[in-house]
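> Below is a structure I'd like to ask you about.
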Amino acid sequence: MSKQMTGAEMVVEALKDQGADTLFGYPGGAVLPIYDAIFQQNFVKHVLVRHEQGAAHAAEGYARSSGKVGVLLVTSGPGATNTVTGLTDALMDSIPLVCITGQVPTHLIGSDAFQECDTVGITRHCTKHNYLVRSIEDLPRILHEAFYVASSGRPGPVVIDIPKDVQFATGTYHGPKNIQHKTYQPQVKGDLAKIRHAVEMMAAAKKPVFYTGGGVINSGPEASALLCELVKLTGFPITSTLMGLGAYPASGSNWLGMLGMHGTYEANHTMHDCDLMIAVGARFDDRITGRLDAFSPGSKKIHIDIDPSSINKNVKVDLGVIGDVAHVLEDMVRIWRTSAPQVDAGALKQWWKQIDTWRERKSLAYRPSKETIKPQHAIQRLYELTKDRDTYITTEVGQHQMWAAQHYHFEKPNRWMTSGGLGTMGYGLPAAIGVQMAHPQALVIDIAGEASVLMNMQEMSTALQYRLPVKIFILNNEYMGMVRQWQELLHGGRYSESYSEALPDFVKLAEAYGAVGIRCSDPDKLDDAIMEMINSPKAVIFDCVVEKAENCFPMIPSGKAHNEMILAELSDDAGVEIGSIIDERGKLLV
Amino acid sequence: MNAPTLNPPPPPPSPYSSALGKANIEQHTLSVLVDNEPGVLARVVGLFSGRGYNIESLTVAEVAHGEHLSRITIVTSGPPEAIEQIGHQLERLVPIHKVTDLTLHARAIERELAMVKVRGKGDDRVEALRLADAFRARVIDATTESFVFELTGNADKIDQFVELMRPIGLVEVSRTGVAAISRGPEPI
């Protein structure tokens, strides 16, 4: 199918052909032809954000909750530079995005024209790939290639920079069929010999653990289903990174909870003491490993990942299997079934007994209060009151994010949208808008901190404009809580600039936007207030006034190993100087 | 007379030197086949600076005009794990066709071309020509008080020639960086 049309019309046509029916964007001089083409069609729904960073995070939320490619459209210069944080966030968390930016006309490029910037230069480091379209002949191929590159292999953001004269030029449009990229053909099938070897290692293990990550989610719901099947077949314990929550249900009997810096005691000790670690779509990030030279010292390690550069990057593994998680797990399940290996049942039983003793430490416990709302309690109540609904959770970044990861339990993949790698404050509200666009009937909640949410608060207008009933559940402790916690741990309790001075009245702020504002500071009234939020047909800002001094535990202090966690009970003990827990070497780390 | 100062013989430490440990640093030559499209060199160089890898030398030119294929030859150094990681990171770049570690390819040949300007009179000129002859360097420009020599060889040979020219009256050196290819009938 090839037709004559303008570059701007090609953009819309390509979105149609790629099934991209939702577009987040903000107009400007260099994209006016594309906006004109959008005006004259009905397939693509455009969501007008209030800041281009919001468009990027909204597209991320859309992509992560739907498994589709998220698309955004912004103008040249500041429009493009404002997306940089969102693009970097998507690169770190492997989220497929296509970002279309306008550019000044070809003949003005390099002349420091109005709203000109070197978009491909600036975004080269924060995209999986990017293109400057120099000619209308290249445009159809690049549009379709961008979707292919964004969504295949390890997904990531792709920028297409289109000069205004190319948008006006007329050329021949080609559909997406026969997209065969010259160079980019990631390996999806795993090497069978290696997978057989992995199964043999698993069968021989006495103290195994599955360590799974965002790659399982990215690989699609089949990957999560296969993972659950493999866990059931083997009977092995399983833990997950922040990014991988929901791939294995939190109610599953083999679930250890999240691992890492704020992971559970049982998850981290299981990782430390295991004799076989099976890493699936996870990347041994520093928030997971803690002190590298003391990371799971006695284990053999298998690593399944679609990105060859992830294998042996931070941690040397014994067996690397390159391939898409779903494909590899499918082979693994099949080989396990057909070979029906004899596992060491006695050793596994012993291992589970050991794990149970770690579980008994109840590392997520906290001291309850009748006077103030404990933030952990607030998340627990939110979970209990929303778990039977079709609920999607996004977060901002900080203490509230970790409490949400610890106390909100996910049964399914794609239900949990959080900025893991980049740690972007201001992610949650625009992401929630993207999620709600993908799932109009669902209950979408942004679990937020009062500091983070203000970074993209302007997106409330977007929510109201499109009647998106997103709920913003703010754990308001009047502090940049994680900053304050680190200042307590590392800097002698000198709370430099971490107090949230001059906060707005969030209830009035909600009302000013035309949304509903709810405040609650009384633990006894919390349930009713949460129900009021859930039952509201409109967008809600919930100002949940919580205990100000609460710290997020358990915690592996910087520079320590998995078996050197701080638990809440220790930090409560009189006589333990909390500022002394992290040594000088640890203070240098992030 | 004083020759202008050149880089001292030991390679200067790169500001991006790997923090992975100074022990077991190896030098490897990578051959990278890429689509010759705008920005591809910036992607490769940006990858090295962004991830803190070393570039000792870099050459690039189109080698297949019909297919717009360019060949980049990079000499890099680091511990073996870092070198392996560099290869994988390069392979992630979308316009890259193939990355080959020619140092692991034991039969690879490396060559570099240098132009060396030397100034001198009398006996120094005779000595310069004698040494040039021993190194099979050609005179490609001459005045009554200077020569420009063209010299091809591996990097060590060029280093050695430059060092010998220094006391005679070395003025400046222009080097292409290393180009490399594997021996035998097979392509990389």
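> Quick check: the distance between the Cα centres of segment A:440-463 and segment A:28-55, to the nearest angstrom?
21 Å
> Roughly how many whole Å is it from the C-alpha centroid of segment A:168-182 to that of segment A:330-390?
One Cα centre to the other: 49 Å.
> Taking the square root of 5 times each eigenvalue of the Cα gyration tensor, what semi-axes in Å does the equivalent ellipsoid of segment A:185-276 have, largest first?
Working through the eigenvalues yields semi-axes of 21, 18, 12 Å.
> With each run of n ≥ 4 DSSP H residues scored as -39500 (n - 2.57), what mean residue ellipticity at 222 nm is computed for chain A after dividing by its residue count and rounding to the nearest 500 deg cm²/dmol?
One gets -10500 deg cm²/dmol as the mean residue ellipticity at 222 nm.
> Compute log10 of I(q)/I(0) for segment A:323-439 with the Debye formula, placing one identical point scatterer on every Cα and leaving out solvent, at q = 0.13, 0.19, 0.22 Å⁻¹, to two decimals.
For segment A:323-439, the Cα-only Debye profile gives -0.82, -1.10, -1.19.
> Right, here's the next one. When the accessible area of the protein assembly as shown is split by element with a 1.4 Å probe, what percent falls to carbon and sulfur?
52 percent
> Still on this structure, please answer the following. About the Cα centre, and with charges only on the beta carbon of Lys, Arg (+1) and Asp, Glu (-1), how big is the dipole of chain A? Nearest 20 debye, please.
Value, rounded to 20: 1380 debye.
> On alpha carbon coordinates alone, what is the Rg over Rh value for the protein assembly as shown, Rh being the Kirkwood radius?
On the Cα set of the protein assembly as shown, Rg over Rh gives 1.02.
> Points 7 angstrom from Cα along the Cβ direction at A:Lys525 and A:Leu292: gap in nanometres?
Reported label-point gap for A:Lys525 and A:Leu292 is 5.2 nm.
> Count the DSSP beta bridges whose two residues both fall in segment A:439-590, then state the antiparallel fraction as a percent rounded to the nearest 5.
Beta bridges within segment A:439-590, antiparallel portion: roughly 10 percent.
> Take A:Asn178 and A:Ala512, extend 7 Å from each Cα along the Cα→Cβ direction, and tell me the distance between the two endpoints in nm.
Once both label points are built, they end up 5.8 nm from each other.
> Now for a different question. Under a straight-distance cross-link criterion of Cα-Cα below 28 Å, which lysines are reachable from B:Lys117, leaving out those fewer than 8 residues away in the same chain?
Once the sequence-local lysines are set aside, what remains near B:Lys117 is B:Lys157.
> So, one more: Taking Cα atoms, how many degrees apart are the long axis of helix B:123-134 and the longest axis of chain B, rounded to 10 and kept between 0 and 90?
Relative to chain B, helix B:123-134 is tipped by roughly 40 degrees.
> For a 20 Å ceiling on Cα separation, which of these pairs sit above it: A:Lys16/A:Lys471; A:Lys68/A:Lys182; A:Lys471/A:Lys508?
Check vs 20 Å cut-off fails for A:Lys16/A:Lys471; A:Lys68/A:Lys182.
> In what sequence, largest accessible area first, do A:Phe553, A:Phe43 appear using a 1.4 Å probe?
Largest to smallest exposure gives the sequence A:Phe43, A:Phe553.
> For peptide A:396-409, what's the mean number of Cβ atoms from other chains within 10 Å of each residue's Cβ?
Mean number of neighbouring Cβ atoms from other chains: 0.
> A further question on this structure: List the aspartates and glutamates whose alpha-carbon lies under 20 Å from that of A:Lys587, not counting same-chain residues fewer than 8 positions away?
A:Asp285, A:Asp286, A:Asp293, A:Glu488, A:Glu497, A:Glu564, A:Glu577
> When all C-alpha to C-alpha distances in segment A:187-233 are sorted into bins of 10 Å, what percent of pairs does each bin hold, rounded to whole numbers?
So the P(r) values, bin by bin, are 21, 51, 28, 0.
> For segment A:229-353: lysine pairs with Cα atoms under 15 Å, gap of 8 or more or different chains, count?
Taking segment A:229-353 as the scope, the lysine pair count is 4.
> Taking 1 over the mean of 1/r across every pair of different Cα atoms in segment A:272-322, what Kirkwood radius in Å do you get?
Taking the inverse mean of 1/r over all distinct Cα pairs, segment A:272-322 comes out at 10.9 Å.
> Write down the percent of antiparallel bridges among all DSSP beta bridges whose residues are both part of chain A, to the nearest 5.
Percentage antiparallel, nearest 5: 10.
The values are calculated or read from the model by the stated rules, or taken from the named source; none is laboratory data. All of these numbers come straight from a predicted model, not from anything done at the bench. Reconstructed Cβ throughout: ideal geometry from the backbone, glycine too, with neighbour counts over all protein chains shown. The accessibility values were calculated without ligands, DNA or RNA, using every heavy atom of the protein model including side chains. Shrake-Rupley method; radii C 1.70, N 1.55, O 1.52, S 1.80 Å.
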